[in-house]
Amino acid sequence: MQPLEHLVKEHRLIAKAVSASEAFRNEINAGGPIRPRRYWKLVDFWSTYADIVHHGKEEQLLFPAIVEQSVSSEYNATIDKLVEEHMYLLGYISDLRRWARPMFTGDRAARERVIRCLDGYLELIDPHIKLEDTELFPAAADMLSKKELNKLAKEFKALDARVSPNVHSYYRDIIDNLMKE
Ligand SMILES: [Fe+2]
Ligand SMILES: [Fe+2]
C-alpha cells in the first residue's frame, strides 16, 4: 500500500473513533453511568493508535521527508501547525487519564472536565484530518519520488510491527465493538 493511502486509511478508523467518542461524550453529559472499561478502551485508542501509530508516522517519518524534499519552505508552516495540534491532542489525552479516577468515584467537576476534554479533542481532530487529506498529503504525493514513497511505506510497516503485528485489526475491532455497545 502507498504510504499516503495508508495514512488516509488510518484517518477513516480515527473518524469512526470520533463517532464512538461523541456517543460516549453525550451519554456522560446526560448523566448516564460511566463504564470504566469503555472509557479506557477509548483512551487507549487515542493514545496508542491515534498518537503512537498514526501521529508517529506523520511526525517521525512523513513530515521530515516533506521538509527535506520541498524546494521552498511553503509547507513548513502547515507542518508546524499540525505538529502543534498533535501536542494539544496529546494534552487532552493526559487530562482524560488525570480526571478518570475522580470522575468514576462520583466527582461532578471531574465529569465536566472530562466532557470539556472530549469536546476539545473532537473539535480539533476533524479539521486537522481534513487539512492533511486535502492539502498536505496530495502535495506530498506530488513532491516525493517513487523511491522515497517506497522507503516510507517500509518504515510505516516497521513502525506498525513495533507496536503489534495485528495493530490495525486489533483497534478496528475495538472501535467496531464500542460502536455496537
Ligand atoms: Fe496529524
Ligand atoms: Fe493524520
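Okay, helix-only estimate at 222 nm for the chain: each DSSP H run of n ≥ 4 adds -39500 (n - 2.57), divide by all residues, round to 500 deg cm²/dmol; what do you get?
-24000 deg cm²/dmol
Stretched out fully, how many nm does the piece from Lys130 to Met87 gain, at 0.36 nm a residue minus the Cα gap?
Working: separation 43, 0.36 × 43 = 15.48 nm, distance 1.75 nm.
Taking Lys130 through Met87 to full extension adds about 13.7 nm, to one decimal.
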Among Tyr88, Ile175, Ser19, flag the residue with its Cα farthest along the positive direction of the charge dipole of the chain, charges on Cβ as +1 for Lys/Arg and -1 for Asp/Glu.
-> Ile175
Point-to-point label distance, Arg172-Gln60, nm (Cα→Cβ direction, 7 Å offset) = 2.3 nm
For the chain, whose charge dipole is built from +1 on Lys and Arg Cβ atoms and -1 on Asp and Glu Cβ atoms, the candidate among Gly31, Ile52, Phe156 with its Cα farthest towards the positive end is Gly31
Cα centroid of segment 26-72 to Cα centroid of segment 93-162, whole Å | 3 Å
Dipole magnitude of the chain, debye to nearest 20 (Cβ charges: Lys/Arg +1, Asp/Glu -1, about Cα centre) = 900 debye
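Read the figures in this text as sums done on the coordinates, not as results from a lab. Because the structure is a prediction, the values reported are computed rather than measured. Cβ atoms come from the backbone with ideal geometry, glycine included; neighbour counts cover every protein chain shown.
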